[in-house]
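A short reminder: the numbers here are calculations on the coordinates, not readings from a lab. Please read all numbers here as calculations on a predicted model, not as lab measurements.
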Amino acid sequence: MKNGGSAFPILDTTHASDINSLACIEGGMTLLDYFAGQTLVGLLSFYNKSSPETISPKALAEKSYWIAKAMIDIKAELTREKETEEKR
């Protein structure tokens, strides 16, 4: 599964002699995890205030990652479309 890369990449400046040769270090929280966390906040707000039904923590996590995965997929699709338009 694609995870969108790092949500907060860190610049590796240890071997960089100029600004053009900086590289990002992957690691930490992925963009998928970040999107899922943000989605979870919204779902908790909805289920705590608007819905009389109860939902299990596992179901909330599954819904959060399901929505986050859709966000990653759409982001990739939009990026491909933009790159295609820029090549024209």
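Things worth noting here:
- Derived scalar couplings between HN and Hα for segment 59-74 equal 5, 4, 5, 4, 5, 4, 6, 4, 5, 4, 4, 4, 5, 4, 4, 5 Hz in order, rounded to whole Hz, by the Karplus curve 6.51 cos²θ - 1.76 cosθ + 1.60 (θ = phi - 60°), x for Gly and Pro.
- 5 angstrom amide H check on THR30, placed H, neighbours 5+ away: ALA7
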